[in-house]
1. Among the residues of the stretch 350-369, is there at least one that is touching an Asp or Glu at 6+ places or on another chain (Cβ under 7 Å), of a type in the set (D, E, K, R) and either under 16 Å from Leu323 (Cα atoms) or in contact (Cβ under 8 Å) with a residue 60 or more places away in the chain (or both)?
2. Which ones in the stretch 266-277 are free of Cβ contacts under 8 Å to residues at least 40 places away in the same chain and either over 24 Å from Asn230 (Cα atoms) or surrounded by 22 or more Cβ atoms within 10 Å (Cβ to Cβ) (or both)?
3. Can you name every residue in the stretch 250-259 that is under 19 Å from the mean Cα position of the chain (by Cα) and either open to solvent by 10 Å² or more (accessible area, probe 1.4 Å) or farther than 11 Å from Pro237 by Cβ (or both)?
4. Only one residue in Ser179, Ser84 is of a type in the set (S, T, N, Q), open to solvent by 60 Å² or more (accessible area, probe 1.4 Å) and touching a residue at least 40 places away in the same chain (Cβ under 8 Å), so which one is that?
5. Of the residues Leu75, Leu87, Leu92, only one is within 39 Å of the chain's Cα centre (by Cα), at pLDDT 95 or above and more than 28 Å from Phe129 (Cβ to Cβ); which?
6. If we only count strands (runs of 3 or more DSSP E) wholly inside the stretch 261-361, which ones have 3 or more residues that are out of contact with any helix residue (DSSP H, G or I) (no Cβ under 9 Å at 6 or more places or on another chain)?
7. Which ones in the stretch 191-219 are part of a loop (DSSP other than H, G, I, E, B), within 16 Å of Leu170 (Cβ to Cβ) and over 20 Å from the mean Cα position of the chain (by Cα)?
8. Does the stretch 402-432 hold any residues that are among the polar types (S, T, N, Q), in a helix (DSSP H, G or I) and either surrounded by 13 or more Cβ atoms within 10 Å (Cβ to Cβ) or at pLDDT 80 or above (or both), and which are they?
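The values are calculated or read from the model by the stated rules, or taken from the named source; none is laboratory data. Computed from a prediction, not measured in an experiment: that's the story for all the values here. Backbone-built Cβ (ideal geometry, glycine too); neighbour counts: all protein chains shown. Side chains are part of the model used for accessible areas, which takes the heavy atoms of the whole protein and leaves out ligands, DNA and RNA. Shrake-Rupley method; radii C 1.70, N 1.55, O 1.52, S 1.80 Å.
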Amino acid sequence: MASSSPSSLLSAGVSILLIQAVAVSVGVATAGDAPAQLPRSELAAIFRVMADLLGDPTWPQLHPRPCTDTPWPGLQCELAPDDSTRLRSTRLHFGPDVSTPPCRPGARLAAPAILGLPHLRTLSLFGCFVDAGPVELPPALFTNASSLEQLVLKSNPGLTGRIPATLTNLKSLQVLSLSQNGFHGEIPRELGGLAALQQLDLSYNNITGEQIPEEIGGMASLSILDLSWNSIGGGVPAALGGLKMLQKADLSYNRLAGVVPPEIGSLKELVFLDLSHNGLAGPLPASLAGLAKLQYLLLQDNPIGTAVPAVVGSLRRLQVLGLSGCNLTGPIPRGAFAALGSLMALSLDRNRLDGPIPASLGALPHLGQLNLSQNRLAGEIALPVEFVARLGRRLDVRGNEELCVGQGRYSGLQASYLRAPPCVGRGSTNGTAALDEGTAGVYGPVVGLVCHLLVLLVLEL
């Protein structure tokens, strides 16, 4: 007869311990003073999950009553609303804050074990699938019978494959976070059926596809949408304008092209919009003026290719504006940002802007970072002295060859922050005017004296 393999012996040992632990856990109570306990089926399911993910054969012995007498920090249980003697497992969490390592090498996520926890509302796994071979989410894991409200699978580079379309069966799901994994393929259109979903985070994966599904626009409760750091193509869907509850939209670091659709201006609750590092062109739609609550607008590294967009000057609550590397041309309009009294950071670097730096930028009361480097700006820097002193090195005007500093305008330390040469001899308009005024001051009295002597000479004759 063939000898048993070590893995089969371990599996058999775990099974025996599971049976013993379940028997101990449900068999100790008496009829009069029985403490609340998990049903036998749920306890067995928890032990199976632990065997799949942790692989510790002693876990059932160490935690025979994981909700009460021998608790495990990653498991949360609650009393059944209709039976005070019965517990339900409602939250299961694996991560470095619970155990190190969070999961064993070769860990797996088996549908039968998870489905044995019908009252589970939160399932989160952080850093579980790292060193093992590729693991895929089983489509059978997500059924109409599930009570899941939060599914968070984060920082699992070994978790690959496609995102299951069966996630649409989770009708109670409010949070779906699959960030920093190895998922690939397209975003399933079926996710648009998650009407209760409030947060969707698919960032930092290998998701491709030629478009963001229009169906996402049907998620009426969505407040956070993060698809950043993938390789999604196509344009920004006009259907996103239907997400009336949306507060944060991050589509940065993808392959999006075309123009920003005017429907985005309908997102009245939007606070954060990041479309940076894509291939979006200008002009920006005037409807963006409707984003009355917008505080962060990040558009850097897109080939917008227009003048400084006038519409940004109407976003009065804006705190951070990023327009770096957008191929912007022409001068910085004198009053372009005058209404942005809350602006804290403005980036216009790596463009083709020309003309002078408007001194009015120094009047923005909360501006603490201003980057105008790598442009074609010219003339004397006329920013207020106190503004230059306050920003210090957070004011960057490097890489503008025609900028200069007027003599005596700034102290040595302030001038060193600007890193621009003095205006004398550079042919700037402001510098020349200053030089002419100085020359008149020196030679004016001499000319007057000569004229006076000539008048006396004429009278004597």
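1. Among the residues of the stretch 350-369, not one is touching an Asp or Glu at 6+ places or on another chain (Cβ under 7 Å), of a type in the set (D, E, K, R) and either under 16 Å from Leu323 (Cα atoms) or in contact (Cβ under 8 Å) with a residue 60 or more places away in the chain (or both), which makes the answer no.
2. Answer for the stretch 266-277, where residues must be free of Cβ contacts under 8 Å to residues at least 40 places away in the same chain and either over 24 Å from Asn230 (Cα atoms) or surrounded by 22 or more Cβ atoms within 10 Å (Cβ to Cβ) (or both): Ser266, Leu267, Lys268, Leu270, Leu273, Leu275.
3. Asp250, Ser252, Tyr253, Asn254, Arg255
4. Ser84 is the lone residue from the list that is of a type in the set (S, T, N, Q), open to solvent by 60 Å² or more (accessible area, probe 1.4 Å) and touching a residue at least 40 places away in the same chain (Cβ under 8 Å).
5. Going through Leu75, Leu87, Leu92 in turn, just one is within 39 Å of the chain's Cα centre (by Cα), at pLDDT 95 or above and more than 28 Å from Phe129 (Cβ to Cβ): Leu87.
6. 279-281, 329-331, 352-355
7. Of everything in the stretch 191-219, those that are part of a loop (DSSP other than H, G, I, E, B), within 16 Å of Leu170 (Cβ to Cβ) and over 20 Å from the mean Cα position of the chain (by Cα) turn out to be Leu194, Ala195, Ala196.
8. The answer is Gln414, Ser416, Asn430, Thr432.
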